[in-house]
Each structure stands twice: as C-alpha cells, then as structure tokens.
Amino acid sequence: MRDKVVLFWFRRDLRLEDNTGLARACASGYPVVPIFIFDTEILTRLEDKYDRRVDYIHQALKAMNSVLQNYQSGLHIFQGTAIAAFVECLQRYDVQEVYCNRDYEPQAIKRDQEVKELLAETGVPFNSFKDQVIFDQYDVLKQDGSPYTVYTPYANKWRSLLKPEHLVPQQVEPDHFYKTDPVKIPGIEALGFIKTDLGFEPPQLDVSIIGAYDKYRDYPALQRTTLLGIALRFGTISIRKCVAFAQRHNEVWLAELIWREFFMQILFHFPRVVSQSFKTQYDFIEWRNNEQEFTRWCTGSTGYPIVDAGMRQLNQTGFMHNRVRMIVASFLCKHLLIDWRWGEAYFAQKLNDYDLSANNGNWQWAAGCGCDAAPYFRIFNPYTQTLKFDKELNYIKTWHPDFDQEIMPPIVNHEAARERALKTYKKALEQTR
Ligand SMILES: Cc1cc2nc3c(=O)[nH]c(=O)nc-3n(C[C@H](O)[C@H](O)[C@H](O)COP(=O)(O)OP(=O)(O)OC[C@H]3O[C@@H](n4cnc5c(N)ncnc54)[C@H](O)[C@@H]3O)c2cc1C
C-alpha cells in the first residue's frame, strides 16, 4: 500500500514560514511530502563549480530539513530532471495533488507545463500559487488590459491596488508534514559542486539599513543596502514581509521592490527580451565587440578605477553595489560599444542575486534599449560618478587598493568614447526610421 500524500515542490520559495503554496498543501487534509529537485538541466549549464548560488540553496535546504526533523519529517531531495523526479514520486506515493508557487521565467513555465501534463495523465492536479510577488502578471494592467511598459505608471497602479490582505502572512501548519525517518541532505560535492565561502544566515530586515535607505543607498563604500537580493531570489524571505516592512520604514525601498515586480511582468509579457532589445530598433547598433576589451572589463583592468573596483568586487564576492553596476554596465555598452548581452551573460555567471528578469531589465536599461530605459545620450562619466558617490575613494581603495600604482592607461579616452557611442547609437536609430 502506498501512502496517500500531497507533494509540495520547493523552487524559489525556500522557507517554511509565510509560504502560500506550502500553507495550502498543509491545509489539503493529506500529509505533505516536501520535495526539492536539483535540476540537472540547470546545474549542468553552470560551468564554474564554485557557485555560491548552489551553495546557498544547499545550505537553505539543510536549514529547512533540520526544522522539519523537529516534526519527524524531512525534505526529499532529487537530482535529475523534474520529470524523472515526479515519475519516481508517483511510483513511491499515492499522490493526490501537487502544490507549488508560481515561477514566471520562460524556462520554468515550460518545465511546469511538462510536469502538469505528466501529472494529468494519472489525474493528479497541479496547483500553483502566487507567492514570490505581491502582484503577478495579470494583476497590474492598464485600463485597456495591456501590460505597463513604463515603471512610474506601473508603480502608481501597483501602490493603488495594494490592500492589507495582500500582506497577510500565509501560515504553515507544520504538524501536517509526512512523517519519515531523519533525512540526510547529500553533500554539495555529490552535486558536482564545491563548498564556497558563503555562509547562509536566515535573512533579516534591518531597520537601521532600510530606515535610512534613501539617504545612503547610493554610496557604495558605505554598503548601506540590504543585501537581500539572494534571499528574494531564492525565497528565503517572504515578499509580503518585506513589503509590509517597507511600508512602515521606507518608501524608496518599497519602490525597489516594485522595480523587481515590474521587470518580472515585463519578462512574462515580452519573453523576447531574453535575446532581443525591448526597443527593437536598438538591435541595429553596430557593436564593436572587441574581445580583448571585454576581457579587460571582466577582469577589472580598464584603467577606470571605479569600473575596475566594481568588477573586482563582483569577481571576488559575487556582489556589486547597484550604483557601480549601473556605471560598469553603461561603460561596457557605451564606452566600449560591447553588446549588452555579453555583459548580461557575465553578470549571470557571477552574481549571487542573479535573476533573469532583473538582470535583463537593468542591462537593457543601461544600454538604453529597455522598456523604460535611460535615454541613449545620457552617458555616465565614470570620473564624475566617482566624485559624486565615492569622493574619498574608499570603495575604490577597498576593491582595487593599488589602483593608483598600476601603470594602466585608460582603455579609452572618455570624451572620444562618448562621441563614438553617440554617433553609433544615432546611426542605428536613424536606420530604422
Ligand atoms: C546591470 C545591472 C544588473 C542587475 N542585475 C540584477 C540581478 O541579476 N538580480 C537582482 O536582483 N538585481 C539586479 N540588479 C538590480 C540591483 O542592482 C540589485 O537588486 C541590488 O544591487 C541588490 O542589492 P541589495 O540586495 O542590497 O538590494 P536593495 O538595494 O536593498 O534592494 C532590495 C531589493 O529590491 C530589488 N531591487 C532593487 N533594485 C532593483 C532593480 N533596479 N531592479 C530590480 N529589482 C531591484 C532586489 O530584489 C533587491 O534585493 C541589477 C542592476 C544593474 C544596474
């Protein structure tokens, strides 16, 4: 006799509290088997086996598993494709239903559809819930039912729709987990990855950071942003909790959380942005795509201290401050005239908080080709940015201490590069008229 159970499939929601799909699974009346799939289709694409994101997930799963043990339960880990994992589950249990929280990335939508079809063959419902956002793809639309493509009206509508009920925590009843012997999570080496320097801590909302976010967020040396990107990416913190906190403590921080949802809905409605410029006429730009220059940018050797410090911070830690992300991205696309997709791909490899929608949206913003992008003729001057945001050079000195000793002539002259970028962009935009 196989046990009658429901499955809860963890993906971008690695927490046991305030979790919509998990709360619903626990209310189903059946014991809940919590599962996680290390999807080999994703993992094999990660070339560098020192990957902090995999390590973060691994540590978050271990933390959940030890809590589940207090309830005589445990997390069932699979390694393989999602389909193979569900075939195994269907053999092992008498599965009544599958629960999860929705994922909006094109690959994830495709994967979920395949799983849904597999389950449908045996009459098992696949229930997915809104959890990683406050409003998902059809919640915030224009009067005529079309998606917003400009942030400010989107954010205004988002705010006007927000009601206290959207922020109610989705309580999970832990007594409903399926009882098992203690489960041991396989080591990270068993996944083909290496232990990194990242230590997982349960994410916290810090009032001293968020309360003063608007004052200090632009000064990279101070590092007064929350560093919650990775937690939001993998759902180790609830977005409802973050938004409720933002409402109480800082409107500017709330605006950032709305940017996150804005780019998510752009990706959902316009999946072509994964490979194309949102404003398609920008795909006429004749990028120079010089490989040696790209390598100098990646390694932080452009001779522009703020750019080099940023790239070195990214390479060493997997994080880069937002102000510096904007500077290095603009520098790559405009000063070096390298296709934004090259920079986007490099960030995707390196960023701990990498998220397809945010990364793509922000790269397109920096390149000028995005839905609500900086105008192409606004070209960041790395020197004036440094004067404004790192006047004492403390950020530069932290990440690139020998910046003033190296004999590294700037890779391009700022004024000449600026003129060249303006000419190239203008030419591309004229072509399409
Ligand atoms: C070229 C470029 C690439 C980027 N790539 C990513 C990425 O892959 N993943 C990512 O989460 N953010 C990305 N960002 C946005 C932003 O830089 C990071 O979210 C932020 O630096 C993370 O720091 P934090 O965790 O301290 O966030 P905070 O500044 O404390 O902000 C809180 C959260 O709000 C969200 N957020 C903040 N700013 C943005 C934004 N501009 N767009 C979308 N969401 C935002 C993030 O979830 C962030 O963690 C990118 C920005 C640029 C310019």
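Of all the listed residues (GLY235, GLY229), the sole one being within 21 Å of the chain's Cα centre (by Cα), among the small types (Gly, Ala, Ser) and open to solvent by 20 Å² or more (accessible area, probe 1.4 Å) is GLY229.
Here's the yes/no breakdown for (1) surrounded by 15 or more Cβ atoms within 10 Å (Cβ to Cβ); (2) out of contact with any Lys or Arg (no Cβ under 7 Å at 6 or more places or on another chain); (3) free of Cβ contacts under 8 Å to residues at least 60 places away in the same chain:
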{"residue": "TYR346", "(1), (2), (3)": "yes, yes, yes"}
{"residue": "ALA367", "(1), (2), (3)": "yes, yes, no"}
{"residue": "GLU415", "(1), (2), (3)": "no, yes, yes"}
{"residue": "TYR425", "(1), (2), (3)": "yes, yes, no"}
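Does at least one position in the range 341-364 carry a residue that is among the small types (Gly, Ala, Ser), at pLDDT below 95 and in contact with a Gly (Cβ under 7 Å, 6 or more places away or on another chain)? No, the range 341-364 contains no residue that is among the small types (Gly, Ala, Ser), at pLDDT below 95 and in contact with a Gly (Cβ under 7 Å, 6 or more places away or on another chain). Here the condition is being in a loop (DSSP other than H, G, I, E, B), in contact with a Gly (Cβ under 6 Å, 6 or more places away or on another chain) and open to solvent by less than 70 Å² (accessible area, probe 1.4 Å); of VAL133, VAL172, VAL124, VAL183, it holds for VAL183 alone.
Every listed requirement among (1) in contact with a Lys or Arg (Cβ under 6 Å, 6 or more places away or on another chain); (2) surrounded by fewer than 17 Cβ atoms within 10 Å (Cβ to Cβ) is met by TYR93 save one, (2).
If only residues of the range 207-217 that are assigned to a loop (DSSP other than H, G, I, E, B) and more than 10 Å from the ligand (Cβ to nearest atom) are counted, the one that is least open to solvent (accessible area, probe 1.4 Å) is ALA212. Considering only residues in the range 222-275 that are closer than 20 Å to ARG323 by Cα and part of a loop (DSSP other than H, G, I, E, B), the one that is farthest from the ligand (Cβ to nearest atom) turns out to be LEU222. In this entry, ALA190 passes the filter for residues that are open to solvent by 30 Å² or more (accessible area, probe 1.4 Å), part of a helix (DSSP H, G or I), of a type in the set (A, V, I, L, M, F, W, C) and closer than 23 Å to LYS62 by Cβ. Based on this model, can you work out whether LEU337 counts as buried (at least 20 other Cβ atoms within 10 Å of the Cβ) and not in a helix (DSSP H, G or I)? Yes: the conditions hold for LEU337.
The values are calculated or read from the model by the stated rules, or taken from the named source; none is laboratory data. Treat the numbers as computed from the prediction; the structure is a model and nothing was measured. Positions of Cβ are generated from backbone atoms using ideal geometry, with glycine treated the same way; all protein chains shown enter the neighbour counts. Quick note on the areas: whole protein, heavy atoms, side chains included, nothing else; ligands and nucleic acids left out. Shrake-Rupley method; radii C 1.70, N 1.55, O 1.52, S 1.80 Å.
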